[in-house]
Amino acid sequence: MEVKIDTKEKFHVIIPQDAILSANMTEEFKEMLLPYLNKDIKNIIVKLEMVKEIDKSFAEEVLNLQQVFNDNNVSFVVCELQKSVEQVFEKLGFLEILNATPTESEAWDIVQMEEIEREFLE
């Protein structure tokens, strides 16, 4: 699985370069993202602009990772879903619980708002 990683001050933007995210890529994706929980910059934005197809099990893994990151008080936002990918999440009933935004800049805003919220709660 090929990805591009863009590191910002408060988060990393992970951009899969593959047009198809298949079931056999789920473990690699998980192993790539979980180590970020131990880094100084923990927040993740997954930008799916290049992805045209996503397997059901990969979509499930995205939701599972979101939950793991949230359980660790870390932001995990998905952005720029193509219509075909959005439909997979919709069919699975995940769209309502997936932390997803139409644009990367909106994802940045969510990460920053969640950071402020966590600071207030501490």
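The values are calculated or read from the model by the stated rules, or taken from the named source; none is laboratory data. Since we're looking at a predicted model, the values are computed, not measured. No Cβ is skipped: glycine too gets one built from the backbone with ideal geometry, and neighbour counts run over all protein chains shown. Accessible surface is based on the protein model in full, side chains and every heavy atom, while ligands, DNA and RNA are left aside. Shrake-Rupley method; radii C 1.70, N 1.55, O 1.52, S 1.80 Å.
The Cα-based radius of gyration of segment 58-122, divided by its Kirkwood radius, gives an Rg/Rh of 1.00. For PHE76, nonlocal amide neighbours, meaning residues 5 or more places apart or on other chains whose placed amide H falls under 5 Å from its own, are ILE44.
Partners of LYS10 within straight-line reach, counting lysines whose Cα lies under 25 Å from its Cα and excluding those fewer than 8 residues away in the same chain: LYS30, LYS39, LYS42, LYS47. Dividing the convex hull volume of the alpha-carbon atoms in the chain by its residue count gives 95 Å³ per residue. Couplings for segment 56-72, taken from phi via the Karplus curve 6.51 cos²θ - 1.76 cosθ + 1.60 with θ = phi - 60°, read 4, 5, 5, 4, 4, 5, 4, 5, 4, 5, 4, 5, 4, 5, 4, 4, 9 Hz in order; Gly and Pro are left as x. Semi-axis lengths, largest first, of the ellipsoid equivalent to segment 1-45 are 20, 13, 6 Å, with √(5λ) applied to each eigenvalue of the Cα gyration tensor.
Only helices enter the 222 nm calculation for the chain: every DSSP H run of n ≥ 4 contributes -39,500 (n - 2.57), and dividing by all residues gives -13000 deg cm²/dmol, rounded to 500. Based on Cα contacts under 8 Å between residues 6+ apart, the chain shows a relative contact order of 24 percent. Beta-bridge orientation, the chain: approximately 30 percent antiparallel, per DSSP, counting only bridges with both partners inside. Think of the chain as having a plus end and a minus end, set by charges on the Cβ of Lys, Arg, Asp and Glu; of ASN38, VAL3, GLN66, VAL3 sits farthest toward the positive end of this dipole. Each of SER84 and GLU28 was given a label point 7 Å from its Cα along the Cα-to-Cβ line. The distance between the two points is 1.9 nm. Within the accessible area of the chain, the carbon and sulfur atoms contribute 48%, probe 1.4 Å, all protein chains present.
About the centre of its Cα atoms, the chain shows a dipole size close to 160 debye [charges on the beta carbon of Lys, Arg (+1) and Asp, Glu (-1) only; nearest 20 debye].
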